[in-house]
1. Which distance in Å, rounded to a whole number, links the C-alpha centroids of segment 182-225 and segment 306-335?
2. Listing 193, 279 from the residue with the fewest other Cβ atoms within 10 Å to the one with the most, what is the order?
3. Segment 51-100 to segment 139-164: how many Å between their Cα centroids?
4. Express the relative contact order of segment 160-303 as a whole percentage, based on alpha carbon pairs under 8 Å and six or more residues apart in sequence.
5. Sort the following peptides by mean Cβ neighbour count (other Cβ atoms within 10 Å, averaged over residues), highest first: 69-80, 365-376.
6. Quickly rank 176-189, 113-126 as a protection proxy: mean count of other C-beta atoms within 10 Å, highest first.
7. When a/c is below 1.5 the answer is rounded, else prolate if a/b is larger than b/c, else oblate, so apply that to segment 124-244 with a ≥ b ≥ c taken from the square roots of the Cα gyration tensor eigenvalues.
8. Between segment 345-381 and segment 238-279, how far is it from one alpha carbon centroid to the other, in angstrom?
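Coordinate-derived values only; no laboratory data. As the structure is a prediction and not an experimental result, all values here were calculated from the model. Positions of Cβ are backbone-derived with ideal geometry, glycine not excepted, and every protein chain shown enters the neighbour counts.
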């Protein structure tokens, strides 16, 4: 099986990421049985396991970078991807080769049993991390926690990032129901770390662990600029290339987890690793004159975080190129971001459950947001924003990682950036 064949096989599988009608599994029994046929590669991994509504993607990347900077080998499993499915499975920060990826998927396909798109990729990560004998495996939950395919591991450290409303059709309509699903990764006799939570969420996490959980509150944000975020943690000042006050929290949660895992917190190693670190799609500044920023905010809570980052870094209203999935809280997202929006450019994402520009327009009008022309094609929407922008304007592309992927894979973007990409001391995650 070559890489295109591997992609074709994956695309033939049930993919709940691209449908609102597919039922979520009632248990992990079937997936565990599937894993037994390939000798249960999920067993024996020294693993960090991260769930939450916002910040889990950044948190797993931060953990991975610090483990690697401390001299350990790593396996990282994340979702969704932005440009290539290979982004989901990394060894020592690097995307695995097309050949290795295809080999893993081909091996799973040869079993003759089919599971879902996400379960197949999860199994591939288990196989690879076990064979590579990585020191630490880091897993980001795909959806929820209790019934997520990643929850078959015996995690060494379980981590909960801030919990709020998202995926209510699957996880529940109350914050308590959502918290209960995400708390499903916690182990009463394990190491459990959490970001600060709403009182109702905190109570559920404490109940799940019989009080055996540490909430990370001992950090202080010092500054947020285009070059990153400075903060105090464990009586030391740190700087991370990621932008936003929330990234100080994510980093503090990650460092607490690493410390609990027994990894020494070497101040110099941390700052060397963090200072040039960023993650595509997390307040990613592509260029200046005008600024183009990509951010994967895709729910109300993450829109709030994006709004705060825009206010801290740019202190002005922005041109917003926006689209999202049809199952998202569009009204809530627009209501959260509207105070920093000068004009919105409604568009679509390359997903069968994309919202339409007309629906975005109607919701924006109700929120009092000024509308630009509607464009089905996201590249045309970005082109329009660029043509409308002055040198000092800021264009923010957000609402969905699918939208970011569409933009990043476009030849137009590379032509637009040319030699004008923002020069910064920061660098991307290796392999991206």
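1. Cα centres, segment 182-225 to segment 306-335: 27 Å.
2. On the way: 193 25, 279 22.
Placing the least packed residue first, the sequence is 279, 193.
3. Between the Cα centres of segment 51-100 and segment 139-164 lies a distance of 15 Å.
4. On the way: 213 pairs, mean separation 24.5, N = 144.
Relative contact order of segment 160-303: 17 percent.
5. Numbers: 69-80: 20.8, 365-376: 15.0.
Averaged packing, sorted descending, gives the order 69-80, 365-376.
6. By packing density, highest mean first, the sequence is 113-126, 176-189.
7. Working: a/c = 1.63, a/b = 1.18, b/c = 1.38.
The shape class here is oblate.
8. 36 Å
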